[in-house]
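Visitor: Supplied in structure tokens, the structure appears directly below.
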Amino acid sequence: MREFPRPRILLSRCIEVEPCRYNGVKIDSPLIAALRPHVEMIPVCPEMEIGLGVPRDPLRLVASGGEIRLIQPATGRDLTEEMIRFTASFVDALDLLDGIVLKARSPSCGPRGVDIFPSVEAESAASRGRGIFSASLLKRFSDVALAEEGQLGDPAFSDHFLTRLFTLADFRELRLHESGRNLLQFHAENKYILTLYNQKEYHGLTDLVVNRNERSFDAVIREYRTRLYAMLSRRPSAKAHLSVFRRAAEHLIPHAERVEQEAIEETIERFGRGDLPLHEARRRFMNWIEEFDEDYLAHQTYFRPYPDALAAVFT
Ligand code: SF4
């Protein structure tokens with residue numbers, strides 16, 4: 001059975017942790033609730049950290065003199081400097097992160113599409129951007145697994161986010177314990193995940209780990225990290241998953257009786273038509289892998305990219 005790493009996640013505190021939104025509300029997220037026992041969570045509410053209470057008058061971003069200011073229209077308070085000061089010291093003190101989950105559209109936490117108003121009184125936004133806190137945070141941690149809370153309701157996105165999160169954490173632990181584990185092993189066990197995301201880049205990484213030449217382990221792992229983080233940033237297509245299932249089937253078919261061969265082919269066909277969810281197709285493959293004792297596929301992280309309890313939340 002696979003042993004999972006423990007990812008480090010920074011989280012907007014109002015998501016599942018505490019009712020600290022301006023209106024005293026907490027956002028329920030079944031996936032974050034299920035994730036808590038499996039990760040190290042760093043919840044933060046930047047607006048509470050700068051001394052605002054709950055409930056509070058809402059804030060907004062206002063474009064003024066070529067700058068973006070954080071204003072509380074009801075009181076006229078300009079909280080930009082406080083937020084910039086808090087953010088700088090908080091982000092500076094963070095070392096390792098594998099993932100970030102942020103509240104959408106918040107003037108502090110929103111990672112994109114946050115309303116920017118032309119004036120304090122304006123009724124509609126003139127442009128959109130990032131919250132003040134998230135802008136600095138995402139500048140420093142630009143390549144970790146990122147989700148807005150609303151995206152976690154989409155099963156395909158959640159699968160991508162969790163796969164990325166646990167793969168990056170696995171790689172980080174490999175770096176921390178580089179003498180105990182082997183980069184080649186990581187590369188081999190993640191072959192299906194890597195080819196899912198980018199087949200060409202998988203071959204490039206194979207070349208990097210196999211032909212180290214005179215390069216130090218440190219130099220190789222640094223380059224591997226950069227390329228790995230970049231390749232996992234784009235959500236894979238259903239077609240890419242289909243291609244992984246087809247390759248896995250080539251390993252299973254020789255072990256299978258006729259009736260099982262037909263079931264494997266039917267699973268691939270139904271998944272390809274969009275009639276079978278990814279998690280169900282993956283679960284069936286996992287059953288066949290166990291039934292046929294298929295050792296090579298059993299070691300592929302693709303079939304169990306994150307703890308089963310998490311998949312159960314959105315399937
Ligand atoms: S969005 Fe950010 S600042 Fe607003 S309540 Fe949530 S954690 Fe606090």
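The values are calculated or read from the model by the stated rules, or taken from the named source; none is laboratory data. From a predicted model like this one, the values you see are computed outputs, not experimental measurements. Virtual Cβ from ideal backbone geometry, glycine too; neighbours counted across all protein chains shown.
Visitor: I'd like the full set of residues that are outside any helix (DSSP H, G or I) and over 20 Å from residue 282 (Cα atoms), limited to the range 216-264. Talk me through it step by step, then tell me what you get.
Guide: Looking only at the range 216-264, we keep the residues that are outside any helix (DSSP H, G or I), and these are 216, 232-237, 256-257.
Hits for the range 216-264 are 216, 233, 234.
Visitor: Kindly provide the set of residues from the range 187-207 that are within 12 Å of residue 220 (Cβ to Cβ) and buried (at least 18 other Cβ atoms within 10 Å of the Cβ), ordered by number.
Guide: Matches in the range 187-207: 187, 205.
Visitor: Now for a separate question. Does the range 276-292 hold any residues that are without any contact (Cβ under 8 Å) to a residue 60 or more places away in the chain and assigned to a helix (DSSP H, G or I), and which are they? Walk me through it before giving the result.
Guide: From the range 276-292, those without any contact (Cβ under 8 Å) to a residue 60 or more places away in the chain are 276, 280-292; that's our starting set.
Residues satisfying the conditions are 280, 281, 282, 283, 284, 285, 286, 287, 288, 289, 290, 291.
Visitor: A further question follows. For the range 117-173, name all the residues that are among the aliphatic types (A, V, I, L, M), within 16 Å of the ligand (Cβ to nearest atom) and part of a strand (DSSP E or B). Explain how you work it out, then say what you get.
Guide: Filtering the range 117-173 down to residues among the aliphatic types (A, V, I, L, M) leaves 120, 122, 125-126, 132, 135, 137-138, 144-147, 152, 156, 162, 165, 168-169.
Subset that is within 16 Å of the ligand (Cβ to nearest atom): 132, 135, 137-138, 146-147, 152.
Selection gives 146, 147.
Visitor: Let me ask another. Using beta carbons and a limit of 7 Å, which pairs, at least six apart or on different chains, have the first residue in the range 97-110 and under 19 Å from residue 26 (Cβ atoms) and the second one assigned to a loop (DSSP other than H, G, I, E, B) and more than 9 Å from the ligand (Cβ to nearest atom)?
Guide: Final answer for the pair search is 100/141; 100/144; 102/111; 105/113; 110/130.
Visitor: Quick one: is residue 207 under 16 Å from the mean Cα position of the chain (by Cα) and either outside the structural domain of residue 12 (by TED's automatic domain parsing) or touching a residue at least 24 places away in the same chain (Cβ under 8 Å) (or both)? Explain how you work it out, then say what you get.
Guide: Details: under 16 Å from the mean Cα position of the chain (by Cα): no; either outside the structural domain of residue 12 (by TED's automatic domain parsing) or touching a residue at least 24 places away in the same chain (Cβ under 8 Å) (or both): yes.
It is false that residue 207 is under 16 Å from the mean Cα position of the chain (by Cα) and either outside the structural domain of residue 12 (by TED's automatic domain parsing) or touching a residue at least 24 places away in the same chain (Cβ under 8 Å) (or both).
Visitor: Out of the residues in the range 284-309 that are within 17 Å of the chain's Cα centre (by Cα) and of a type in the set (D, E, K, R), state the one that is modelled with the lowest pLDDT.
Guide: 308
Visitor: Could you tell me whether residue 184 is out of contact with any Pro (no Cβ under 8 Å at 6 or more places or on another chain), farther than 24 Å from residue 91 by Cα and at pLDDT 95 or above? Don't jump to the end; show me each part of the working.
Guide: Details: out of contact with any Pro (no Cβ under 8 Å at 6 or more places or on another chain): yes; farther than 24 Å from residue 91 by Cα: yes; at pLDDT 95 or above: no.
No; evaluated as a whole, the condition is false for this residue.
Visitor: Residue check, residue 300 against (1) crowded, with 19+ Cβ neighbours inside 10 Å; (2) of a type outside the set (Asp, Glu); (3) more than 24 Å from residue 171 (Cβ to Cβ), all met but one. Which one?
Guide: For residue 300, the exception is condition (3).
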